[in-house]
């Protein structure tokens, strides 16, 4: 099924311009809506079948916002458009997958994109800088900062509190607030966070930990441990406005994900933009962003609860006001993204 929004009435002689995602929801919908507004593109959603393939091949301008979700569809469209001399732009969300080992599919993916990099009229961009992994230059033409790192850099959305943020502030009672935001899953380090609180209960005297988002059943036991250690769990869908209000309220945001979850993070991006100090895994891609902005992250050795508790306690004891000088840095990331993508389209 194809879903098109931002549409206008056009005659058959007019070619339309599209931004494509394979499925709605989550970061995909966010990317699509943002790019449609920035570049004047119509949104089209769905797996690339014969009808959609023809529409995308004929498009005047075309941006694939998330090529990782449908490699075959993206390649089929890009090859055809190249033959007709039409430009195609694609964003690579998880380029590191091309360099993993152990499965034939990773080698095939790496070989395919090394070849596609030489396809005329195709522009591939990773959402992680090449200096994070020099091998990215083998499979893409350039890089841009993940839009989740710059989409609300002026902080204009942080004008309201919510009942949820007021409840959290009241429960914290003046302690530093550490928020685990978004879906609660083991891959995002939730078990490690529960381990930290369980192994070091004194931490709760200075730090109030709250997890907000739908809980994966596999984390039920960890939730119980976190609550028993003095934390709070809000197991439900949380609106964007509520999430933004929590960034305003909290001092630390949990972004210390497992080694198998080494990729860009919307929670980390919002934290950097809005002046909330992120907690990250030492050695992760996210750690390298410490050199890019004005927010100094709290870096933890994954699995070492003693080290983690000590670093979190130190961060809680040295809370600072929300950073005021981020606008210029993050605004530069946004301008760079717009310039590169607009030129490629």
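Observations on the structure shown:
- From the list 59, 76, the lone residue that is surrounded by fewer than 18 Cβ atoms within 10 Å (Cβ to Cβ), under 18 Å from residue 122 (Cβ atoms), more than 21 Å from the chain's Cα centre (by Cα) and modelled with pLDDT of 95 or more is 76.
- Residue selected from segment 172-216 under the condition in a loop (DSSP other than H, G, I, E, B) and more than 18 Å from the chain's Cα centre (by Cα), by the criterion farthest from residue 242 (Cα to Cα): 200
- Within the span defined as segment 92-102, every residue fails to be at pLDDT 95 or above, under 17 Å from residue 73 (Cα atoms) and touching a strand residue (DSSP E or B) at 6+ places or on another chain (Cβ under 6 Å).
- Of residues in segment 1-31 being in contact with a helix residue (DSSP H, G or I) (Cβ under 8 Å, 6 or more places away or on another chain) and at pLDDT below 75, the one farthest from residue 91 (Cα to Cα): 15
- Scan of segment 56-72 for residues that are over 15 Å from residue 92 (Cβ atoms) and either touching a residue at least 40 places away in the same chain (Cβ under 8 Å) or outside the structural domain of residue 113 (by TED's automatic domain parsing) (or both), ordered by number: 58, 59, 60, 61, 62
- For segment 224-254, the set of residues classified as outside any strand (DSSP E or B), modelled with pLDDT of 95 or more, touching a strand residue (DSSP E or B) at 6+ places or on another chain (Cβ under 6 Å) and surrounded by 20 or more Cβ atoms within 10 Å (Cβ to Cβ) consists of 231 only.
- Residue that is nearest to the chain's Cα centre (by Cα) [pool: residues in segment 319-345 that are in a helix (DSSP H, G or I) and modelled with pLDDT under 85]: 330
- Any hit, segment 286-299, residues being surrounded by 20 or more Cβ atoms within 10 Å (Cβ to Cβ), at pLDDT 90 or above, assigned to a loop (DSSP other than H, G, I, E, B) and not assigned by TED's automatic domain parsing to the domain that holds residue 120: no
- Positions within segment 255-283 being closer than 19 Å to residue 146 by Cα, modelled with pLDDT under 85 and more than 14 Å from the chain's Cα centre (by Cα), in sequence order: 274, 275
- Selected residue [in contact with a helix residue (DSSP H, G or I) (Cβ under 8 Å, 6 or more places away or on another chain), touching a residue at least 12 places away in the same chain (Cβ under 8 Å) and surrounded by fewer than 16 Cβ atoms within 10 Å (Cβ to Cβ)] from 112, 161: 112
The values are calculated or read from the model by the stated rules, or taken from the named source; none is laboratory data. All of these numbers come straight from a predicted model, not from anything done at the bench. As a convention, Cβ positions derive from the backbone with ideal geometry for all residues, glycine included, and neighbour counts pool all protein chains shown.
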